[in-house]
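Here's the structure, in structure tokens; my notes come after.
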Amino acid sequence: MIIQYSFYFMNFTKKHLAAFNISCRVLIALVGGYLFSALSAVLIAQLLPGDEINSIITGLMLSFIIYTVIVLFVFATKTTLRAGVGVFIPCIVMYVFYHYLNGITA
Amino acid sequence: MKSRFRQSMGWLHTWAGFAFAWLLFFIFVTGSLGYFENEIDRWMKPEIAIVDDAIDDFEILNSAKQQLTVLASDAEQWYLAYPSKRNPYIKISWLQPANAELGMPKQWHEEYLAPHTGKITPTRETSGGETLYRLHYNLHYVPAVVGYLITSLATLFMLIGLVTGVIIHKKIFIEFFTFRAGKGLRAWLDVHNVFSVLPLPFHLMITYSGLVLLMGISFSPVIDATYGEGKKMHRQFYNESKTENKQQQTINLNTADLSLKAELSHKPVLSLKTVLTDAKARYKNQTVSYLGIIDRNIADNTEQPSFQVWLDGNEGIEFATLLSYRLVDGQIQLEESLGKTHSAAKIYDILEHLHEGLFADTYLRWLYFISGLLGAAMIATSMIIWVKKRQNHPTKFIILIDKLNAAVVVGLPIAIAAYFWSNRLLPLAMSNRAEWELHSLFIVLAACACFCIVRAADKVWKSMLWIAATVYALLPIGNMLTTEHSLLASVQQGDWLMLGFDLSMLCFAGCFALAAVLLKTGQNETELTMKTNVKKNMKGVIKTC
């Protein structure tokens with residue numbers, strides 16, 4: 001929201017704002033989506049019980065479905081900010097959790 | 001709220017598709033051609049002598065062994081492919097070790113044998129069907145990994161396009177049975193729906209499995225984080241996931257004929273001949289499709305060469321029974337594969353087999369091919385719709401996109417025809433001939449783009465379609481003039497692969513010509529016309545609607 005207000009102050013037109021919003025969403029969808037799906041694949045691989053190879057392959061195969069869902073989410077949410085928060089906060093949580101897990105097992 | 005959701009999904013559908021439409025069209029067309037890899041190969045190597053009568057397995061083995069001993073004495077692996085319905089010729093191949101003096105890397109060689117005489121049939125240097133279909137994921141001019149990543153990204157966009165496409169069509173089945181001919185944009189949308197919905201399961205399968213096939217590269221950080229970093233660990237991961245359950249038993253060789261028995265009385269000896277005899281005795285109802293030796297030249301005594309027999313591999317190598325024989329402590333050990341150990345690896349296997357369709361017989365293969373072309377047609381119609389929606393206020397940019405659409409949608413088939421033409425027209429002695437076949441494909445594609453940009457916007461589609469029709473129609477004639485394979489000769493010799501290829505080319509030519517005739521110029525154009533090869537199928541669908 002803050003970003004959007006500062007845009008009005010800086011005398012940008014609505015058109016510029018829309019272009020900026022869309023570029024942001026594309027970035028969040030592609031980069032954030034990749035991070036999100038890769039991290040969840042890692043966690044699936046580590047948390048699924050049983051054989052390691054099986055879990056890794058399962059994680060990898062699910063990652064594309066997760067990626068697709070994330071991209072849909074990013075473009076369906078109301079504001080760009082919400083999309084960014086919705087993608088990157090879970091990424092940070094997963095990243096921390098991944099290190100917490102490895103700290104215990106190592 | 002709901003309509004807003006659908007609206008944003010519609011936006012995503014449009015632009016995700018727009019971003020990669022040309023590349024995806026390229027991937028679908030070249031990938032579909034992969035289903036006829038062997039048939040294209042046969043056409044591009046017209047010298048190969050086909051086997052039209054049954055030859056004794058041992059006779060083939062003898063002549064193959066003679067040639068391999070001469071040509072590949074220091075090779076680590078030997079293979080012999082028996083004639084089958086899809087590959088009616090005798091092929092030997094071997095893995096030649098690297099030769100530092102000649103600067104040759106370790107590579108596979110293959111030669112074809114003439115039936116009965118057992119002599120090598122020299123074939124022209126060609127890229128063949130394999131290089132053509134590999135274009136759909138390695139893009140040839142970029143390093144392999146870059147090609148995999150770009151195609152993976154494009155495929156992800158395809159998946160997004162498919163999912164959003166399903167979301168935005170609330171009445172997907174009602175719309176499926178709607179065809180409003182002669183209504184411009186609406187007609188194109190209806191055609192787009194037909195091409196998308198009818199083979200939707202195929203599109204989803206091929207897209208998802210395509211992503212999964214390259215997942216080790218596109219999501220390699222995941223393997224880094226979970227299994228181990230670096231090339232070596234990745235290789236170990238692949239090897240471990242490929243582990244198979246095996247049934248091992250120590251056996252005595254079945255000896256059908258007495259001469260062999262005498263040979264074997266002293267100590268067990270493995271040779272291609274003895275394993276072939278044994279395999280034939282064990283599986284009486286199956287035909288042998290491949291024979292091979294692995295680790296031929298291992299010097300130390302711990303590892304012995306392994307002799308392999310594939311049975312019934314005609315319907316795709318993945319369904320073949322593989323017997324491998326090896327000497328262990330003076331005893332013969334027979335190993336039969338029982339499939340992958342890891343259940344997730346089995347699912348991966350199924351997806352891979354579904355994607356490649358190697359198991360498919362002739363009819364299913366055509367269905368695969370046509371489904372792939374329907375995918376290409378879906379993408380082509382989407383490009384046309386994108387332009388039509390913006391045609392009321394045409395800017396220079398939109399006209400340029402329309403022209404380039406023509407350069408891709410019709411230009412790519414023309415470029416592929418150029419690939420086939422170059423196989424017949426380039427001098428046989430030319431160096432790097434195989435490479436130049438591929439260059440001609442891309443040179444012609446670039447030439448098509450230039451032509452389309454220069455040509456007047458309202459004539460560009462029509463002229464391109466006529467060019468495509470001409471180059472395809474002339475292909476069988478070119479084949480007749482440059483080789484002795486005329487349509488008539490193919491019928492007389494029973495060379496169905498050659499005949500099938502030539503007839504398919506004529507059929508494509510007919511489709512392009514029909515599209516060009518039906519294409520009306522001007523504003524009110526193209527209501528009933530289709531700019532792709534699959535026109536006929538679409539007609540069938542429309543009639544039922």
Could you tell me which of B:Thr362, B:Ile168, B:Ala434 has its Cα farthest along the dipole of chain B towards the positive end, charges placed at Cβ (Lys, Arg +1; Asp, Glu -1), taken about the Cα centre? B:Ile168
Taking Lys and Arg as +1 and Asp and Glu as -1, residues besides B:Val288 with C-beta under 10 Å from its C-beta add up to -1
To the nearest Å², the heavy-atom accessible area per residue of region B:47-123 with 1.4 Å probe amounts to 54 Å²
By how many degrees, 0 to 90 and rounded to 10, does the Cα axis of helix B:343-356 deviate from the longest principal axis of chain B? 60 degrees
Taking the Cα-to-Cβ direction at B:Ala144 and at B:Thr362 and moving 7 Å from each Cα, how far apart do the two end points lie in nm? 3.5 nm
To the nearest 0.05, how large is the calculated FRET efficiency for B:His393 and B:Ile443 if R₀ is 51 Å and r is the Cβ-Cβ distance? 0.90
For chain A, find the longest principal axis of its Cα atoms and tell me its angle to the long axis of helix A:14-27, 0 to 90°, nearest 10. 10 degrees
How many Å³ per residue does the convex hull of the Cα positions in chain B occupy? 191 Å³
Shape call for the protein assembly as shown, from the Cα gyration tensor axes a ≥ b ≥ c (a/c under 1.5 means rounded, otherwise prolate when a/b beats b/c, else oblate), comes out oblate
Please report the relative contact order for region A:42-106, taking Cα pairs under 8 Å with a sequence separation of at least 6, and give it as a percent rounded to a whole number. 21 percent
Residues losing 10 Å² or more accessible surface upon assembly, region B:4-36, compared with the chain by itself, 1.4 Å: B:Arg4, B:Phe5, B:Ser8, B:Met9, B:Trp11, B:Leu12
So for chain B, averaging the separation of alpha carbon pairs under 8 Å that are six or more residues apart and normalising by length, what relative contact order in percent results? 17 percent
Residues of region B:332-347 losing 30 Å² or more of accessible surface, assembly versus chain alone, probe 1.4 Å, please list them. B:His342, B:Ala344
Strictly over 24 Å apart at the Cα level, which of A:Lys14/B:Lys388; B:Lys246/B:Lys280; B:Lys85/B:Lys119 would you flag in this model? A:Lys14/B:Lys388
If I stretch the segment between A:Glu52 and A:Ile89 completely, what's the gain in nm (0.36 nm per residue apart, minus their alpha carbon distance), one decimal? 10.6 nm
CD proxy, 222 nm, chain B: helix-only mean residue ellipticity via -39,500 (n - 2.57) per DSSP H run with n ≥ 4, per residue, nearest 500, stands at -19000 deg cm²/dmol
Helix B:185-197 sits at what angle to the longest principal axis of chain B, using alpha carbons and giving 0 to 90 degrees rounded to 10? 20 degrees
Please report, as a whole percent, how much of the solvent-accessible surface of region B:47-123 comes from carbon and sulfur atoms (probe radius 1.4 Å). 53 percent
Which is farthest toward the positive dipole end of the protein assembly as shown among B:Val70, B:Ala515, B:Pro221, measuring Cα position about the Cα centre, with Cβ charges +1 (Lys, Arg) and -1 (Asp, Glu)? B:Ala515
Using a probe of 1.4 angstrom, how much of the accessible area of chain A is carbon and sulfur, in percent? 77 percent
Total accessible area buried between chains B and A, 1.4 Å probe, in Å² to the nearest 100? 2900 Å²
In region B:207-249, which residues become less accessible by 50 Å² or more once every protein chain is in place, relative to the chain on its own, using a 1.4 Å probe? B:Tyr208, B:Met215, B:Phe219, B:Val222, B:Ala225, B:Thr226, B:Phe237
Centre separation in Å (Cα based) which lies between region B:376-394 and region B:202-244: 36 Å
Quick one: go through region B:329-349 and flag any residue whose amide nitrogen is under 14 Å from the point 7 Å out along the Cα-to-Cβ line of B:Glu244. B:334-342, B:346, B:349
Averaged over its residues, how many other protein chain Cβ atoms are within 10 Å of peptide A:61-72's Cβ atoms? 5
For peptides B:477-484, A:94-101, B:418-425, sequence by mean Cβ density within 10 Å, most packed first: B:418-425, B:477-484, A:94-101
For region B:315-403, the accessible surface attributable to carbon and sulfur atoms (probe 1.4 angstrom, ligands and nucleic acids excluded) amounts in percent to 61 percent
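The values are calculated or read from the model by the stated rules, or taken from the named source; none is laboratory data. It should be emphasised that the depicted structure is a prediction, and the values quoted were computed from it without experimental measurement. Note: ideal-geometry Cβ built from the backbone for every residue, glycine included; neighbour counts use all protein chains shown. Ligands, DNA and RNA are stripped out before the accessible areas are found, and what is left, the full protein with its side chains, is counted by its heavy atoms. Shrake-Rupley method; radii C 1.70, N 1.55, O 1.52, S 1.80 Å.
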